[in-house]
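This report concerns only the one structure given below.
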Amino acid sequence: MKTNERIEESLEKLWEQLEENSGGNMLSEILDPEQNASLETLEEKGLIEKIQGGIRFTETGREEARLAIRRHRLSERLFHDIIETNQDDMEEAACQFEHVVKKEIEEEICRLLGHPETCPHGKPIPPGSCCQKARLSGDKFVASLASLKRGEKGIIAYIKAGDSKKLQKLMAMGILPGNPITLTHAFPSFAFTVGYSQYAVDRDMAEAIYVKRSVHAK
Amino acid sequence: MSEQSSCSCHGGKTCEETGLKKIVMVGNPNVGKSALFNRLTGSYVTVSNYPGTTVEVSQGKCKIDSDEYFVEDTPGMYSLLPITEEERVSRDILLNGKSDVVLCVVDAKNLKRMLSLALQLVEASLPVILVLNMMDEANRLDILIDEGGLEKKLGVPVVGISALSGKGVDVLKSRIHSYCRQESTAEVFYGDTLEGAINALAPVMPAETGLSQRALALLLIQNDPHISELVRSVEGHSPEFLDSTIAELEKNLVEPVGYTVPMMQHSTAEDICNEAFNPPADREPSFAQRLSDWTMEPLTGIPILMIVLYYGLYKFVGSFGAGTIVGFLEEDIFGKYLSPWINEMLMAYVPWGPLRELIGMQYGIVTLGIRYAIAIILPIVGTFFIAFSIIEDTGYLPRLAMMVDRIFKKIGLNGRAVIPMTLGFGCDTMATMVTRTLETKRERIIATLLLALAIPCSAQLGVVLGMVANNRAAMAVWAVFMIGIFLLVGFLTARLMPGDRPNFYMEVPPLRMPRPGAVFIKTYTRMQWYFMEILPMFILASVMIWLGNITDTFKVVVSWLSPVMGLIGLPKEAAVAFLFGFFRRDYGAAGLYDLQKAGALSGNQLAVAVITLTLFVPCIAQFLMMKKERGLKMACMMALFIFPFAFLVGGLVNVLLNVTGIQL
């Protein structure tokens, strides 16, 4: 493993320990000498500093760790939501993928995923600048049909491929990526129109349909 | 598409059994296929199960000029790659049968999305005529369709019609009559990778099916299990070649086949549509659209449902059917004229007592069986079927399904089950048959049980409502208990039976004004079925009751039942009513009705009696249908649960009322 990746892995572990207080492990125990850069290396790089009874992030270190954890959890979301790999594969794929994600791609992924706030395990994803912008304009670029407001219009972005029967059903009915869609009812179940047809589905099905929201819809 | 033999107008293969040319109708659900089928065939139609399945296929004959055609209407399908059993039946009809013309019926305003199926059929070398139905609706929306342009692009005849008004049907008939295969037809290009695999696989596909080898290869690539089995069963193929070709393909494709293939089909369809199909920009929502929105909104939808129930069920079926018409037929025609006349004739000409009892008198075939069938059941069920057909024709049911989906999920069903459940209020037997349209076995079992237990059929409902009409408190107790039991038993069954959560997805057709002709045909077909199925049961029941009476079997059974009656706080005489109730749900109710009229039942007893009776037994006809649809074991298990449960609840209600000191 490259030095950079080892540093990033270490930072992520320290982030969970220092910022999220997960577990009461001794700091020296959480780093695996095989996989992670040692505390000494991190200190040398100016990412952490020793304090009384432990360590803390330097300002640079903290930012680096935040971005590393963000990339890791975004990658998990990507593999979980869109590619729908199983838990183990997701973990492994995300671990490799996170290290090759550039900043612009990271923002693209974040946008595609609709600026998610938590990873599939429910831990918070530190927001990037794109998330803040999106939050200010109240806009999530791509969101599941179930999260749209009633009357909202958009373009079908993709159908979650997890359950292929569900995909086949929706596609066969003509609910296809690229088509304009309007959510007409959100309670007690979901109803929407595509073309001149209207469909009614339950929450499960609505959550499988991802929609590019049109920014001017409001 | 591959070259097809040139004109084969009159040399085509014909329908094996009849020697007639065969027309097969296919299309998405809700495109008006049945309406067109009725236009083509008139009402000489047989409905039968597709071999080995419970899916129904309608068949009829159609005359064009002097030639007679055999017409087959298939269940709705979205794609050649089937998901439901119904879609598989439709596909198998195309796969196994040789058809002379395949009418691909689409909803003209949704041409863009439905053209994909048409393309698949054309690509499968089927003799397709594309029928653009509901042209009148499309015209009203200012959608312009260039039929000639479509015809050129697809290479098959295209005819715009309105099956409801009949416009264009004559043109369609003449195009069927002069049908002739074109030299070249439209084809989807799936990209180099997929095309490579299709071309490699196509030559080893069986050549003697209704579908082209290319279409079979495409289905095989999409992992269609039946096609895979079919192809592998052909001798002389090495399955390794198939497996390796498919594995190789999957490796080279970026996206899954299940995504790529439909996407390519739809984008080809869109390309074709872009030139021939011109939809206008958005328009103001029409009144029908607004009304449609209201029906799906709880705030307005629930009042609308109440109005539908009040006028459709209570007023039309309850007051008019069960009141006015039954009163006239039962009391006037049978009560004053027919029954006394029969009995007089019997007294005069039939010397042997038991034979008199068999035909006339209290429980005879004519005075009980036929009288019940014609004078009581016919008007109630008939008015119910009229109301149901009207409601069905407006397109209201999918909207109701959407409204109740959440509640139905709690009892292991999904919104779709609202259709058999509503139909159950007409005839539980017919509704039990309709449960086959539910997707999973689990849903079918739960729905069957609930129909048998908690949904009273219209005949029963008529008598029960008649009994409690003057006792509003008893009516309320009855209604609350029935709804509570429906939900509770459904909830518990869903917990007890493992299985996936059912998914709810349904197309919601536009609200339409029902057409009298279509309503008439639907009602007529249902009534016909009802009579063929039910009338023998009535006669059988009369005979059984007669036998039971003359052999004293009934007395014995009644003597067993009497203590049970005592336990749930009913008079002994009620035992007779419950026993007869097994032969016909409503016999039982009617028996109690007489008891109540005679003033033998207190308010509490009345409530206990109607609750027990509604829960008690599916009638024999329903039980037989349960056996047919769910198997003997399952039907017996349900009956074994329902019998004690009905009395248990009856007893519980009795105790509850007594303990709390409530007098209804």
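The values are calculated or read from the model by the stated rules, or taken from the named source; none is laboratory data. Everything numeric here is computed off the predicted structure, so don't read it as measured data. No Cβ is skipped: glycine too gets one built from the backbone with ideal geometry, and neighbour counts run over all protein chains shown. In case anyone asks, the SASA skips ligands and DNA or RNA and just uses the protein heavy atoms, side chains included. Shrake-Rupley method; radii C 1.70, N 1.55, O 1.52, S 1.80 Å.
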task = For region A:37-59, name all the residues that are assigned to a helix (DSSP H, G or I) and more than 16 Å from A:GLU9 (Cα to Cα).
result = A:GLU44, A:GLU59
message = Can you report the number of residues in region B:120-139 which are assigned to a strand (DSSP E or B) and either touching a residue at least 40 places away in the same chain (Cβ under 8 Å) or away from every other protein chain (no Cβ under 14 Å) (or both)?
response = 5
key: Pairs where the first residue, in region B:155-179, is among the aromatic types (Phe, Trp, Tyr) and the second is assigned to a loop (DSSP other than H, G, I, E, B) and surrounded by fewer than 20 Cβ atoms within 10 Å (Cβ to Cβ), C-beta under 9 Å, 6+ apart   = B:TYR179/B:CYS9; B:TYR179/B:GLY12
query = Quick one: is A:THR182 surrounded by fewer than 22 Cβ atoms within 10 Å (Cβ to Cβ), touching a strand residue (DSSP E or B) at 6+ places or on another chain (Cβ under 7 Å), of a type outside the set (Phe, Trp, Tyr) and under 14 Å from A:LYS149 (Cβ atoms)?
reply = yes
ask   = Hey, among the residues in region B:66-116 that are among the small types (Gly, Ala, Ser) and assigned to a helix (DSSP H, G or I), which one's farthest from the other protein chains (Cβ to nearest Cβ)?
value = B:SER90
ask   = Looking only at region B:254-306, which residues are outside any helix (DSSP H, G or I) and more than 9 Å from chain A (Cβ to nearest Cβ)?
value = B:VAL254, B:PHE277, B:ASN278, B:PRO280, B:ALA281, B:ASP282, B:ARG283, B:GLU284, B:PRO285, B:SER286
request  = Determine which member of the set B:SER292, B:SER339, B:SER319 is under 24 Å from B:ILE380 (Cα atoms), of a type in the set (Ser, Thr, Tyr) and open to solvent by less than 40 Å² (accessible area, probe 1.4 Å).
outcome  = B:SER339
query = How many residues does region B:519-563 hold that are of a type in the set (Gly, Ala, Ser) and either surrounded by fewer than 13 Cβ atoms within 10 Å (Cβ to Cβ) or at pLDDT 80 or above (or both)?
reply = 3
query = What's the number of the condition B:GLU250 fails, among (1) more than 11 Å from chain A (Cβ to nearest Cβ); (2) crowded, with 17+ Cβ neighbours inside 10 Å; (3) without any contact (Cβ under 8 Å) to a residue 40 or more places away in the chain?
reply = (2)
ask   = Looking at A:PHE97, A:PHE57, which is the one that is at pLDDT 80 or above and touching a strand residue (DSSP E or B) at 6+ places or on another chain (Cβ under 6 Å)?
value = A:PHE57
message = Anything in region B:140-170 that is aliphatic (A, V, I, L, M) and part of a loop (DSSP other than H, G, I, E, B)? List them, or say none.
response = B:LEU141, B:ILE143, B:VAL156, B:ILE161, B:ALA163, B:LEU164
ask   = Is it the case that region B:483-501 has a residue that's outside any helix (DSSP H, G or I), touching a strand residue (DSSP E or B) at 6+ places or on another chain (Cβ under 7 Å) and open to solvent by less than 50 Å² (accessible area, probe 1.4 Å)?
value = no
ask   = Among B:VAL45, B:VAL57, B:VAL24, which is at pLDDT 90 or above and either closer than 28 Å to B:GLU507 by Cβ or out of contact with any strand residue (DSSP E or B) (no Cβ under 7 Å at 6 or more places or on another chain) (or both)?
value = B:VAL24
remark   = Every listed condition ((1) within 24 Å of A:CYS119 (Cβ to Cβ); (2) outside any helix (DSSP H, G or I)) holds for A:PHE79 save (2)
remark   = The number of residues in region A:97-131 that are hydrophobic (A, V, I, L, M, F, W, C) and open to solvent by 50 Å² or more (accessible area, probe 1.4 Å) is 4
request  = Give the residue that is farthest from B:ALA577 (Cα to Cα), with candidates limited to residues of region B:367-390 that are among the β-branched types (Val, Ile, Thr) and open to solvent by 40 Å² or more (accessible area, probe 1.4 Å).
outcome  = B:ILE390
inquiry  = Residue under question is B:GLU147, and the condition is that it be touching a Gly at 6+ places or on another chain (Cβ under 8 Å), within 16 Å of B:GLU270 (Cα to Cα), more than 14 Å from chain A (Cβ to nearest Cβ) and open to solvent by 10 Å² or more (accessible area, probe 1.4 Å); does it hold?
reply    = yes
key: Positions within region A:70-107 being touching a Leu at 6+ places or on another chain (Cβ under 7 Å) and among the basic types (Lys, Arg), in sequence order   = A:ARG77
